[in-house]
1. Please compute the volume of the convex hull spanned by the alpha-carbon atoms of region B:72-229 and report it per residue in Å³.
2. Over the alpha-carbon set of region A:158-324, divide Rg by the Kirkwood Rh and report the Rg/Rh ratio to two decimals.
3. Which length gain, in nm to one decimal place, applies between B:Leu233 and B:Arg85 when the Cα-Cα distance is subtracted from 0.36 nm times their residue separation?
4. Which whole-angstrom value gives the distance between the alpha carbon centres of region B:242-258 and region B:77-102?
5. Which cross-chain or sequence-distant (5 or more) residues have an amide H under 5 Å from the amide H of B:Ala293, H modelled 1.01 Å from N in plane?
6. Over the alpha-carbon set of the protein assembly as shown, work out the extent along each principal axis and list the three values in angstrom, largest first.
7. Is it possible to state the helix-based mean residue ellipticity at 222 nm for chain B, with each DSSP H run of 4+ residues giving -39500 (n - 2.57), the sum divided by total residues, to the nearest 500 deg cm²/dmol? What is it?
8. Using the Cβ atoms and a cut-off under 15 Å, what net charge is assigned to the surroundings of B:Pro107, where Lys and Arg are +1 and Asp and Glu are -1?
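Derivation of every value follows stated rules applied to the coordinates shown; laboratory data play no part. Just so it is clear, the structure is predicted and the values come from calculations on it, not from any experiment. Please note: Cβ atoms are built from the backbone with ideal geometry, for glycine as well, and neighbour counts cover all protein chains shown.
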Amino acid sequence: MLNDATGAREYVNRIQAEITEEAHQRRESNPTLAIQEREINQAWTRSAPSAAAVRGDGASPAEVKAHSEHLLGCIDDLSLLSVDAPVGKRKGVRQLKGTVRALTRWYLRYLADQVNAFNHFLVGFLRSAEQRIARLEGDAHAAEIMGEFVDPVLDADHVLGQAVADQLSQCDGPVAVVSCGSGRIVSALVQAGITAHGVDDSVDAINDGVNEGLDLRVAAPSEHLSRIADGSLSGVVLTRFVERRGPVELSTLIDEALRCVTPSGRIVVAVADLSARSGPEAELLRGTGLSPQTWAHLLRKRGCVVEVSALTGSRVTTLVTAQPQ
Amino acid sequence: MSDITFVAPRYGADVVGGAELGARSLATRLSADGMDVSVLTSRARSFDTWADDYPEGTTIEEGVSVSRFSVDYLRSPNFAASCDRLLRHPEKASMQDAWQWIDEQGPTSNDLLEAVAEVDRGVLSFTPYMYHPAVRGVTVARVPTVLHAAAHPEPPLRLPVFDDLFNSVSGIAHYSRLEQRLVLDRFPSTVLTPQVVMGLPVEAPDFEIDPVRARQTFGLGDEPFVVFLGRVLRSKGTHELVDFFNATRERRGNGKLVIVGPVVDEIPKSKGVVCVGSVSDEHKFGLVAAADALINPSPLESFSLVVLEAWLAGTPVLVNGWCGPTRDHCEQSGGGLWYSNFVEFEVSLNRLLDDVDLRDRLAQAGHAYVTESFSWPAVRRRYQRLLSQIS
């Protein structure tokens, strides 16, 4: 269905892939084109700021890899120094320029060969470093990769949104909702008169909420919290995303959340119980997420006063609310 | 006193510029919806010198009260050259040099600033970030402020003088998600400032779009053509577009590039390129609807109204893949293609010119995207959410 946004996106991505492939084939079959494009690309490098090309924080590992490969390809293309000077079209000029070029080549060839050898080594080294980083990232993202084979964590429902708003009703400062999805919790907080914003690492997840005018941003949760000054939030809500992350990342997130909240602030953890996982989900997501009881334990160990409350009518059946001491 | 007061360097139906068009578009629509809206601006039509063009004083334009003030001095013709050194390493500029740059950038008007300081009700809405009225105006504001920054990844954004501006406004309305990311990266402390990715309202014109008449008027015959819309500026990629287009045309043997908009930086004459200058809205939409595609080669856009207007007119787009916001529109909507180098440009253009089915599919997807996300009710809902948070 063309009016279906996902279908349209898939269609345009397929066309773009065909264009990239055709462009690649044309470069391979026409060396003159490669030289011309090199010149034009250099002009682009001057006029197109690199920052304009950076993709969103929510880029998948595959997108990051493709971007790195593209950059390495550009470095490779631009690393070759040529001592060939252009030759004129008219006969006399052509002969003169040809002589100049021959002399230039003779004089500069030795130098250019050395620089090219160095560049070649450098590009090789970058590629090797890229492969090593990719292997490390592969290990680090194992849970995330396996997580792609199970359904995404469901968005917060209205019951959960209202329960979180109740827990934070005393907040007199801003609240950050980590992994906000379409923004139901943010919406409930705003309706309760609390200044709130949400952050999520998925563009698609937040699109509906952004269209509604909610203050939702795309960013990696830890990176987002790291930008917030000490003690400037009244509350932090941790939900959805944290159900698919490993203990080290969750520990970092707790530290960041505790740093961001005021002494009278609160951290609310709204996650489903791990024992509710079954079948492939239980197996593929092994080693990720923490049960509400473990969250409560961790927060107590960090010196918080913790309250665990039951919730009915929602996928999340237990809320953990912590107040730093 | 108004519910909302826009502060812009220039304002008027014949002022060309994305942020200025955005301000006018919001102001007139909010006014039509019953809000009390006013505008404080300079008398200038062009930013080259900020020379007084419009009459001084207050007029009612499309329901909006517009007050224009004379500038204290004109912008020096050597301004661009004189700030070249400063903008090579803007992050290293001293505050004094950066403030001097703002004052020279203009439009500098003490009367305008006094009017800003007198606003004691509603919200002050500044746009764009880079000019004197916003940077100085925010410091004298007495009511909550919104910044429509229209920020691009350009050197001036890195000048230290803008930290105070972004950190002191009450709320920020971004044109796109990528603009929001750029601002959060450059000004991390805005992380707690209420903000919204609002976009701008884009709606079909209230006249019938006539592509046949546009083709006839500009003598385009039956040849396939693509259109560029906007100011002809080197920094907007127009010159690269002309080079790319000519190289492509030489190989394929047909096609025209029609350039619509005021020429700031002259482009060399060539056989396949037709410059029609500024035209009426009727002709503009007619040309866009008649074109096989609209091309936006700019690497620096924060929203790009023309891309969305092209989709409304039923025309697919081809954009510079290095420009985050325009590429994001294409990726999100499935309504356009993008290129990152010359060969991709040539392959994409050939496909667009030769494949009717592709053009129709892209245009249809783009149209759905605009009507769903950028209708006036959708944009107003987002804006009002922000206003209610900061008021």
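1. Working: hull volume 30.9 nm³, N = 158.
Hull volume normalised by residue count: 196 Å³.
2. Taking Rh as the inverse mean 1/r over Cα pairs, Rg/Rh reads 0.93.
3. 51.2 nm
4. Each part reduced to its Cα centre gives a spacing of 38 Å.
5. Those qualifying (amide H under 5 Å, at least 5 residues apart or on another chain) are B:Val227.
6. If we take the Cα atoms of the protein assembly as shown, the spans are 89, 66, 54 Å.
7. Values: 16 runs with 167 residues, N = 391.
Helices in chain B give a 222 nm mean residue ellipticity of -12500 deg cm²/dmol.
8. Spelling it out: positives minus negatives among the neighbours equals -4.
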